[in-house]
Amino acid sequence: MSEVAENQEQILQEDNQDSPKLVNKLYQIKFREKGHIHSAASKISNLTKGELVMVATDHGQEPATVSGLGAVVFSDEPQTTALYAIARRASRDEMVKYENLITRERDSIAFCNETIKKLGLDMKLIRVERFFNGSKIVFYFTSENRVDFRVLVKDLVQEFRTRVEMRQIGVRHETQMLGGLGCCGRELCCASFMTKFVPVSIKMAKEQNLPLNPSKISGACNRLLCCLTHEFETYKSLKKDMPKPGSSISCNGEKFKVNKVNILKGSVNVTSLTNPETSIELRRDQWQQVESVGGSSRIQPEPPLKEQPEHRKKQEQPKKQEQPKKQEQPKRPEQAKKTEEKKPHPQGRSKKRRGPRKGKKQ
């Protein structure tokens, strides 16, 4: 490690003498050894794999390791082509501080796990990240339920004397942080190059003719494979022109029923309607043929009806039969008298005069 530091100090002096008109070059960087790969641009064109560099972030400069080399970009704005910008090479003091930072993160994980056991909290600690300037510590954890970690935060603040942030993550992010190998034998997509998670549905597996067995279409996180989204659009475009399973097609004057479709080969497995026991596999050039005599390779759908002009539509539309209006029946004389009696008097209600009560002398 000391030899690398001496070499970096020599190259650092050369970088400061470089002209500001250098083109930008892309690099692959990792902030931690088992971390996610990010793209970064820099005007330093002679960085090698494994060097420690200082990268500009939202909360200040953070150390990162160069994990791969990229192409040269002729642009003065590195942020337009990469997520981060490499400021410079790390000095010897920064390299020593970075080594101590990793050991302190491991100690933080051990202390936090012990505190979780003492408090009896139902949570699982995944990772701890310390800022290089020491302003904050972030604890990533998973839990099926909501956790009241106020007492835990107080103990962590008293121990580390800095800001503490607790972040609850899901199962996919947990797998992304831990990493691993997929069913294909390669590194997990989420841990290698994916920057964000895209929703995955069972429809994507059906479109690619995959078996709907959960053990075969699920990843290390027990969720649907993220790689189902990578080839979904390709399968969808290839399958668009092919006949659907269960449909009938005619080829060389003989009718067939489609059993299954092989999208990658472009072939169609069919059985004859006259002899259902025999099955034939038609290539793409066979089921795409269209014959002028004896039918076509596929039963063409009925042509759409031509739109007629508006003046013809008006003529063809049958006229609505006007229903005869109901004639009002004449009122009977008795009903007319009752309506007249119910009409209010224009001057208001007339008060009835009461006569003298019976049994009283006047």
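Rundown of residues vs (1) of a type in the set (A, V, I, L, M); (2) touching a Lys or Arg at 6+ places or on another chain (Cβ under 6 Å); (3) more than 20 Å from M177 (Cα to Cα), yes/no style:
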{"residue": "K49", "(1), (2), (3)": "no, no, yes"}
{"residue": "V53", "(1), (2), (3)": "yes, yes, yes"}
{"residue": "T65", "(1), (2), (3)": "no, yes, no"}
{"residue": "G68", "(1), (2), (3)": "no, no, no"}
{"residue": "R127", "(1), (2), (3)": "no, no, no"}
{"residue": "Y140", "(1), (2), (3)": "no, yes, no"}
{"residue": "S143", "(1), (2), (3)": "no, no, no"}
{"residue": "R146", "(1), (2), (3)": "no, no, yes"}
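Screening the stretch 1-108 for strands (runs of 3 or more DSSP E) wholly inside it with 1 or more residues that are among the basic types (K, R), under 27 Å from E129 (Cα atoms) and at pLDDT 85 or above returns the ranges 24-30, 84-89. Take the conditions (1) farther than 20 Å from M54 by Cβ; (2) open to solvent by 30 Å² or more (accessible area, probe 1.4 Å); I116 misses just one of them, which is (2).
Of note, K30 satisfies the criterion of being surrounded by 15 or more Cβ atoms within 10 Å (Cβ to Cβ) and under 24 Å from I126 (Cβ atoms). Any idea which residue in the stretch 124-152 is surrounded by the most Cβ atoms within 10 Å (Cβ to Cβ), counting only those that are in contact (Cβ under 8 Å) with a residue 40 or more places away in the chain and assigned to a loop (DSSP other than H, G, I, E, B)? Here the residue is F132. Can we say T162 is over 30 Å from N222 (Cβ atoms), open to solvent by less than 30 Å² (accessible area, probe 1.4 Å) and of a type outside the set (A, V, I, L, M)? Considered against the rule, which asks whether it is over 30 Å from N222 (Cβ atoms), open to solvent by less than 30 Å² (accessible area, probe 1.4 Å) and of a type outside the set (A, V, I, L, M), T162 comes out as yes.
The values are calculated or read from the model by the stated rules, or taken from the named source; none is laboratory data. Source: prediction; values computed, not measured. Here Cβ is always computed from backbone atoms with ideal geometry, including for glycine, and neighbour counts include all displayed protein chains. Remember, those area values only see protein heavy atoms, side chains included, never the ligands or the DNA or RNA. Shrake-Rupley method; radii C 1.70, N 1.55, O 1.52, S 1.80 Å.
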